[in-house]
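Down below is the structure, laid out as structure tokens.
A short reminder: the numbers here are calculations on the coordinates, not readings from a lab. Note that the structure is a prediction, hence the values are computed from the model and not measured. Glycine also receives a Cβ, built like all others from the backbone with ideal geometry; neighbour counts cover every protein chain displayed.
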Amino acid sequence: MKVIVTVNGSQIEAEVPDRTLLVHFLRDVANLTATNVGCDTTSCGACTVLLDGKSVKSCTVLAAQADGHEVTTVEGLADGSGAMHPVQRAFQAEHGLQCGFCTPGMVMATVSLLAENPAPTEEEVRSALEGNLCRCTGYHNIVRAVLAAAPAASERRSS
Amino acid sequence: MIPAPFTYKRASSVDEAVDLAARSGEDAKFLAGGHSLLPLMKLRLAVPEVLIDIGRIGELSYVRDDGGQILVGALTSHDELARSSVLASELPLLAHAASQVGDPQVRHRGTIGGSLVHADPAADLPAVVLALDATLVARGPSGTREIAAGDFFQSLFETVLQPGELLTEIRIPKPPNRGWAFQKFTKRAIDWAIVGVAVQGGNVALVNMGQTPVRASGVEQALAGGAGPRDAAAHAAEQTSPPADINADSGYREHLARVLVGRALEEAATRA
């Protein structure tokens with residue numbers, strides 16, 4: 001079927017098999033390979049992207065379901081000049097990653113969280129990241145990064 | 001993993017969905033959020049020939065106060081249930097249980113209707129609608145029918161819905177006794193409950209204590225007879241047939257049921 005998805009602001013149009021998963025559409029059709037396939041069973045959250053602004057696990061969404069909708073991947077977070085998003089900067093500053101495989105999903109889940117709750121408590125952050133697994137077990141710095149990002153992300157949205 | 005090949009169709013209204021299903025044969029399935037169906041399809045545990053995407057039917061996503069009852073559209077997502085101000089004031093049990101399903105990403109996509117028709121006895125919302133004495137409304141080729149939640153769940157992953165019938169609405173009477181609680185025990189936050197319990201007033205329903213969600217009738221009778229939470233909870237595992245699996249054996253689940261029901265009844269009593 002023909003699918004048109006707005007990915008990071010650009011319309012991507014392609015003829016794909018009906019069974020194509022969104023994550024494969026992003027990686028193989030749109031050539032945006034930052035979104036990782038981890039567990040492939042809706043558990044680990046490595047494939048998290050935003051669908052119309054809300055976090056989803058793109059291994060469990062059909063490209064057809066995203067047809068006509070907007071998707072944001074981690075490649076789409078930097079602004080026009082290439083400056084990183086406040087959440088990306090916070091992950092860097094707080095060392096919120098070790099091997100980095102879960103990071104695109106962690107960052108996108110965080111962007112979704114901060115859009116819904118601009119000033120989360122530490123407990124709320126931990127609860128909001130329940131769907132994202134870090135096999136390096138680097139959770140403490142990830143949580144620290146999210147808490148550090150919250151004011152800056154809020155400022156960016158209101159500007 | 002990708003699903004086996006299928007033909008994707010899209011419905012923009014309930015009428016169109018029912019019509020498409022009637023013309024698509026018995027191997028057609030409705031696709032809502034896809035968070036029960038797509039994982040099964042990737043594992044080849046479900047191999048439908050046709051998927052009818054109902055996810056864009058806006059008319060099925062709502063929570064309304066209808067006076068004596070609350071009406072919930074089948075396509076309302078877990079996240080929308082959790083954030084509903086109507087549910088927060090009238091049916092906090094449903095709002096809270098929905099906020100405990102899976103994780104945020106799953107709650108953004110998963111729907112109450114999808115969870116109910118999937119009929120996984122380990123899922124949270126089937127037991128919740130059972131505790132709330134809900135009525136489920138289904139539309140099929142021969143019209144609309146209402147099914148009591150107690151008659152809806154037949155067996156593991158099996159409901160009374162016929163092929164081509166679409167769950168459209170959940171009707172929940174406003175509970176006379178407002179005490180409620182929801183408890184579940186999991187190994188990881190995102191796991192299905194090893195055992196769970198939903199309490200609304202004197203109604204007690206159990207998650208993962210049999211082939212379907214079940215009412216803990218022994219507990220309910222004890223409560224009706226004036227027993228306190230701890231004494232009533234001792235009956236929690238009666239007439240259940242809990243599964244044994246990698247997470248727990250049946251005896252452990254029976255123990256958990258008694259413990260969780262006791263905690264839930266005590267919690268509900270503080271809100272009554």
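B:ALA227 to A:ARG135: FRET efficiency via 1/(1 + (r/R0)^6), r the Cβ-Cβ distance, R0 41 Å, to the nearest 0.05?
Numbers: r = 47 Å, r/R0 = 1.16.
So the FRET efficiency works out to roughly 0.30.
If the chain between B:ALA272 and B:THR7 were fully stretched, how many nm would it gain, using 0.36 nm times the residue separation less the Cα-Cα distance? Could you put the intermediate results ahead of the total?
Details: separation 265, 0.36 × 265 = 95.40 nm, distance 5.03 nm.
Net length gain for the segment: 90.4 nm.
I'd like the per residue volume of the convex hull spanned by the Cα atoms of the protein assembly as shown, given in cubic angstrom. Kindly include the intermediate steps, with their values, before the conclusion.
On the way: hull volume 61.8 nm³, N = 431.
It is 143 Å³ per residue.
Check the protein assembly as shown and count each lysine pair with an alpha-carbon distance under 17 angstrom, considering only pairs eight or more places apart or from different chains. Don't skip to the end; give the middle numbers.
Values: A:LYS2/B:LYS9; A:LYS57/B:LYS42; B:LYS9/B:LYS29; B:LYS29/B:LYS42.
Lysine pairs, 8 or more places apart or on different chains, close enough: 4.
Over 10 Å intervals from 0, what percent of Cα-Cα pairs in the range B:180-271 sits in each interval?
20, 55, 23, 3
Which of A:VAL125, A:PHE25, A:SER55 sits farthest toward the positive end of the charge dipole of chain A, with +1 on the Cβ of Lys and Arg and -1 on the Cβ of Asp and Glu?
A:VAL125
To the nearest whole percent, what portion of all C-alpha pairs in chain A is separated by more than 21 angstrom?
Values: 5243 of 12561 pairs.
Above the 21 Å cut-off, chain A has 42 percent of its Cα pairs.
Could you tell me which residue out of B:ASN177, A:HIS140, B:ALA88 lies farthest along the dipole of the protein assembly as shown toward its positive end? Charges go on the beta carbon: Lys and Arg +1, Asp and Glu -1, centred on the Cα centre.
After comparing all options, I get A:HIS140.
Once you list every other residue whose beta carbon is under 15 Å from the beta carbon of B:VAL160, what net charge do they have if Lys and Arg are +1 and Asp and Glu are -1?
Details: positive: B:ARG139, B:ARG145; negative: B:GLU146, B:ASP151, B:GLU158, B:GLU165.
That sum, taken over residues with Cβ under 15 Å, equals -2.
Given Cα pairs under 8 Å that are at least 6 residues apart, what percent is the relative contact order of chain B? Could you put the intermediate results ahead of the total?
Numbers: 616 pairs, mean separation 41.7, N = 272.
For chain B, the relative contact order is 15 percent.
Strictly greater than 29 Å: what percent of every Cα pair in the range B:1-156 meets that? Write out the running numbers ahead of the final one.
Values: 1808 of 12090 pairs.
Counting every Cα pair in the range B:1-156, those more than 29 Å apart make up 15 percent.
When the helices in chain A are scored as -39500 (n - 2.57) per DSSP H run of 4 or longer and the sum is shared across all residues, what 222 nm value do you end up with, to the nearest 500 deg cm²/dmol?
One gets -10000 deg cm²/dmol as the mean residue ellipticity at 222 nm.
Expressed in nm², what is the orientationally averaged projection area of the convex hull enclosing the Cα positions of the range A:2-75?
On the way: hull surface 16.4 nm².
About 4.1 nm², averaged over all directions.
Mean shadow of the range B:105-163, computed from the convex hull of its alpha carbons, in nm²? Please list the in-between numbers first.
Details: hull surface 17.6 nm².
Approximately 4.4 nm², given one-decimal rounding.
Under 10 °C and 1.306 mPa s, how fast does the range A:69-143 diffuse according to Stokes-Einstein, given a Kirkwood radius computed over C-alpha pairs? Answer in µm²/s, whole number. It would help to have the intermediate numbers written out before the result.
Values: Rh = 12.8 Å.
Stokes-Einstein gives a translational diffusion coefficient of 124 µm²/s.
Starting from the Cα gyration tensor of chain B, multiply each eigenvalue by 5, take the square root, and state the resulting semi-axes largest first in whole Å.
Numbers: eigenvalues 196, 87, 50 Å².
That gives 31, 21, 16 Å for the three semi-axes.
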